[in-house]
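Taken together, the values in this text are just the output of simple stated rules run on the coordinates, not laboratory data. Keep in mind it's a predicted model, so treat the numbers as computed, not measured. Every residue, glycine among them, receives a Cβ derived from its backbone with ideal geometry; neighbour counts consider all protein chains shown.
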Amino acid sequence: MKTLFAQGTSHTSRLFIAVVLSCALMFIDHHQQHLKWLRNGIATFITPIVFLADIPADFFAWGGENLMSRSQLRQENTKLKNESLVLKAQLQKFVAIQAENARLRNLLGNENKQIERRLVAEIIQIDSDPFSLRFLINKGSADDIYIGQTVIDAYGIIGQVVEVSTYTSRVLMISDATHAIPVKVNRNGVRATLVGTGQIDLLALQYVPDTMDIKVGDLLLSSGLGERFPDGYPVATVSLVEHNPGQDYAKIFAKPVAQLERSSLVLLVWTDKEREKVDAR
């Protein structure tokens with residue numbers, strides 16, 4: 001039977017033997033290269049282990065980088081969309097400015113001063129009432145939105161704000177049957193009133209004399225009369241002109257230039273007067 005306190009090789013002796021054996025193996029391998037096959041075999045054996053050990057770190061690094069990239073892409077995409085909307089809205093003014101220059105009207109200074117502030121908003125709900133062309137946006141009185149404020153997209157005027165709460169506002173489209181906007185023909189400056197018909201893609205010019213020079217394809221711009229809508233923004237293009245003998249007024253229809261059915265982002269604009277009211281608060 002083995003005794004309870006059996007004597008054996010001490011740990012110090014084992015360590016000494018291991019060190020001597022290691023040094024001998026390293027000396028032999030360095031000078032004779034006899035253990036190269038053993039070293040290669042060990043390296044081959046542990047390579048999969050090293051790879052498996054690195055998987056968690058690589059996975060978390062890849063996941064973090066991927067999430068960061070997706071987040072950055074979303075932020076950059078949103079920023080670019082907003083910048084694109086603002087730039088396209090500014091481009092709309094050039095149409096009116098070119099027409100005014102062609103008619104030798106020195107209004108460029110007023111055009112540049114009229115709009116001082118812009119804000120991008122998102123459409124979050126479309127009214128389900130078929131007789132009311134309205135939608136809800138995610139900006140409200142907390143963002144200084146006011147009733148009557150002009151709403152545009154990248155192509156032209158969409159409508160105006162008619163209801164405001166703290167964080168949302170409701171916009172009435174120009175095609176609504178209750179909406180009207182003063183316009184002018186870009187080609188010759190003829191003024192008229194454009195009203196909604198209740199059909200989202202159809203507008204009508206009201207009380208236009210039969211002799212008035214308006215043609216199919218004419219671009220209609222906001223005239224600025226009434227100081228509700230800023231001057232010079234595209235509103236619609238004339239799609240139909242009918243002259244009926246014996247009638248005092250021509251029958252004229254137009255199509256909105258704004259993408260009323262497809263826009264998801266809109267732009268709210270402030271005039272100098274409204275900006276001064278906000279600054280005075």
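Between the amide H of Ile158 and those of Val151, Ile152, Asp153, distances stay under 5 Å, these residues lying 5 or more places away or on another chain, with hydrogens modeled in the peptide plane.
Converting phi to 3J(HN,Hα) with the Karplus coefficients 6.51, -1.76 and 1.60 and the offset θ = phi - 60°, segment 247-254 yields 9, 6, 10, 7, 9, 10, 10, 9 Hz in sequence order, with x at every glycine or proline. With the charge dipole of segment 115-280 set up from +1 on Lys and Arg Cβ and -1 on Asp and Glu Cβ about the Cα centre, the Cα lying farthest toward the positive end among the listed residues Ile137, Thr197, Ile157 is that of Ile157. List every residue whose amide H lies under 5 Å from the amide H of Arg117, counting only residues 5 or more places away in sequence or on a different chain, with H placed 1.01 Å from N in the peptide plane. Correct list: Trp270. For segment 115-280, rounded, prolate or oblate, judged on the Cα gyration tensor with a ≥ b ≥ c (square roots of eigenvalues), a/c < 1.5 rounded, else prolate if a/b > b/c? Prolate shape, in that a/c is at least 1.5 and a/b is the bigger ratio. Each residue of segment 14-22 was assigned a 3J(HN,Hα) from its phi angle through the Karplus expression (A = 6.51, B = -1.76, C = 1.60, θ = phi - 60°), giving 4, 5, 5, 5, 5, 5, 4, 5, 5 Hz with x at Gly and Pro.
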